[in-house]
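Here the structure is laid out as structure tokens; the discussion comes afterwards.
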Amino acid sequence: MTAFGLDEAVRRVLESCLAVRAGEDVLVVTDPRRRAIGEALVAGARDMGAETMLLEMSERETNGTEPPGVVAAAMRASDVVVAPTTKSLTHTEARHVASQAGARIATMPEVTEDMLVRVMQADHDAVRRRSRAVASLLTAGRTVTITSEAGTDLTLSIEGRRGMPDDGDLRGRGSCGNLPAGESFVAPVEGVARGRIVFDGSIWPLGLLPEPLVVDVSDGYATAFGGPCGDDFRAILEPHGRDAFALAELGIGTNEAAQLTGNVLEDEKILGTIHIAFGDNHSFGGKVRVESHQDGVVLRPTVTIDDAVLLDAGRLLV
């Protein structure tokens, strides 16, 4: 049996997830720190007969910062876009417009070779089943309560919002998701969330948290930050204005192959965790537009949607 390495991981990205076909226009967007993975994706797509172009831009300031205009135009004109970058393009207007134009897009912020090889070996049928089941419950739900032994106690509204599976199936026109995949997520109703979040896994861009980061939330906005990293996280949000403090996303991990590494792209996919983000959410059903989107991971949470328990101390019940 052939060992699972980078070539096989790239093949799964391009073939199984994105269904790249000969003759399609494939764009790989990268930056200097992710160029090696970008080049591997270019080689893989060319081997499949796709017309493939590599664009390397300067590293963006933060997650959600727009790419240069030439990159945005190329994204919009492509059949498939793969973005192994250091900062995420997922929540940018350029990505949103390219999706509306029909591009199939995989964003891969902070991806590493080790991560890609490890997490792409997951049972993708199981990941898709879990992700779609959770997304359906989020779509049907109204109120979410989240608690944890570490001290999280948060209530938010998702009424009228659509749960979205990030399950690695990016074969449809206009589809977009992270790779490696494995979550379901929703944009909570703005101005409603209240309570306390104790992040005890990792948070972008601080990585693994040696001690918890405590964030108090009132009327949908982060209002106070505690713990050794509190001031650092506030400083990351402040340059982008008040909307960077808006509670933007609730996500639930569904990938059994993901491990806690300090890289949030992988950590937020860990089966039985949740992640909560602050900042932009306009590209997936919310109303906040800001060039910032920062995710943090909560370990072993209990999550109740209306009267049904979805996660019980980190055990997913679907």
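The values are calculated or read from the model by the stated rules, or taken from the named source; none is laboratory data. Being a predicted model, the structure only gives us computed values, none of them experimental. Glycine also receives a Cβ, built like all others from the backbone with ideal geometry; neighbour counts cover every protein chain displayed. Remember, those area values only see protein heavy atoms, side chains included, never the ligands or the DNA or RNA. Shrake-Rupley method; radii C 1.70, N 1.55, O 1.52, S 1.80 Å.
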Over the chain, with neighbouring protein chains present, the accessible area per residue in Å² at probe 1.4 Å is 39 Å²
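Computed over the Cα atoms, what is the radius of gyration of segment 213-261 divided by 2.2 N^0.38 Å, N being its residue count?
After normalising by residue count via 2.2 N^0.38 Å, the value is 1.38.
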Please get the size of the charge dipole for segment 76-166, origin at its Cα centre, with Cβ charges of +1 on Lys and Arg and -1 on Asp and Glu, quoted in debye to the nearest 20.
-> 400 debye
Any idea what Rg and Dmax come out to for segment 222-294 if you just take the C-alpha atoms, in Å?
-> 13.3, 36
Sort 85-94, 211-220 for me by packing, meaning the mean count of neighbouring Cβ atoms within 10 Å per residue, highest on top.
-> 85-94, 211-220
Alpha-carbon gyration tensor eigenvalues x 5, square-rooted, for segment 148-225, Å = 27, 19, 10
One would report the Cα pair-distance distribution of segment 73-199, bin width 5 Å, in %, as 2, 10, 15, 17, 19, 18, 12, 5, 1, 0
Using only the alpha carbons of segment 193-318, determine the length spanned along each of the three principal axes and report them from longest to shortest in whole angstroms.
-> 39, 31, 25
At a 1.4 Å probe radius, which order do I146, I236 fall into by accessible area, largest first?
-> I236, I146
Give the Kirkwood hydrodynamic radius (Å, one decimal) of segment 279-318, defined as one over the mean of 1/r across all pairs of different Cα atoms.
-> 12.2 Å
On average over all directions, what projected area in square nanometres does segment 8-64 have, based on the convex hull of its Cα atoms?
-> 4.2 nm²
Largest first, what is the accessible-area ranking of D307, D167 with a 1.4 Å probe?
-> D307, D167
Average the reciprocal distances over every distinct pair of alpha-carbons in segment 174-262, invert the result, and give the Kirkwood radius in Å.
-> 14.4 Å
Under 10 Å from the Cβ of A277, count the other residues' Cβ atoms, weight Lys and Arg +1, Asp and Glu -1, and hand me the total.
-> -4
How much solvent-accessible surface does R196 expose, in Å² to the nearest 10, with a 1.4 Å probe and all protein chains in place?
-> 110 Å²
Stick to Cα atoms and the Kirkwood definition of Rh, then tell me Rg/Rh for segment 74-146.
-> 1.05
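Assigning unit charges at the beta carbon (Lys, Arg +1; Asp, Glu -1) and nothing else, what dipole magnitude in debye, to the nearest 20, does the chain show about its Cα centre?
720 debye
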With all pairs of different alpha carbon atoms counted, what Kirkwood hydrodynamic radius in Å does segment 1-119 show?
-> 14.1 Å
Around G102: net Lys/Arg minus Asp/Glu count, Cβ-Cβ under 12 Å | 0
Take the Cα radius of gyration of the chain and divide it by 2.2 N^0.38 Å, with N its residue count; two decimals is plenty.
-> 0.93
With a 1.4 Å probe and every protein chain kept in, tell me what percent of the accessible surface of segment 159-201 is carbon plus sulfur.
-> 43 percent
